[in-house]
Amino acid sequence: MGEIGLPELLVIFGIALLIFGPRKIGELGKGLGEGIRGFKSALSGEPHKEPPKEEPKTESVETSKE
């Protein structure tokens, strides 16, 4: 008793998906991962390295001057 198995995790994930939506779940996961990474580096005494940020992809329309 007191153990969380796969069915329980799936129910929790399904409810979170309904509440927050798929885009917000991704952002929450990213923030949680960065927080854990920062916590681990603080415990080990290593300086935190920021990962390079990806620039937003923009579609450029090339026009030909004829």
| message | Using the Cα centre of the range 1-46 as the reference point, and only Cβ charges (+1 on K/R, -1 on D/E), how large is the resulting charge dipole? Debye, rounded to the nearest 20. | response | 200 debye
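May I ask you to derive the FRET efficiency for ARG23 and GLU3 from their Cβ-Cβ distance with R0 = 22 Å, giving the value to the nearest 0.05? Can you show the working numbers first?
Numbers: r = 31 Å, r/R0 = 1.42.
It comes to 0.10.
Where a number appears in this text, it was derived from the coordinates with a stated rule and is not lab data. Not measured: the values here are computed from a predicted model. We place every Cβ from the backbone using ideal geometry, glycine too, and count neighbours over all the protein chains shown.
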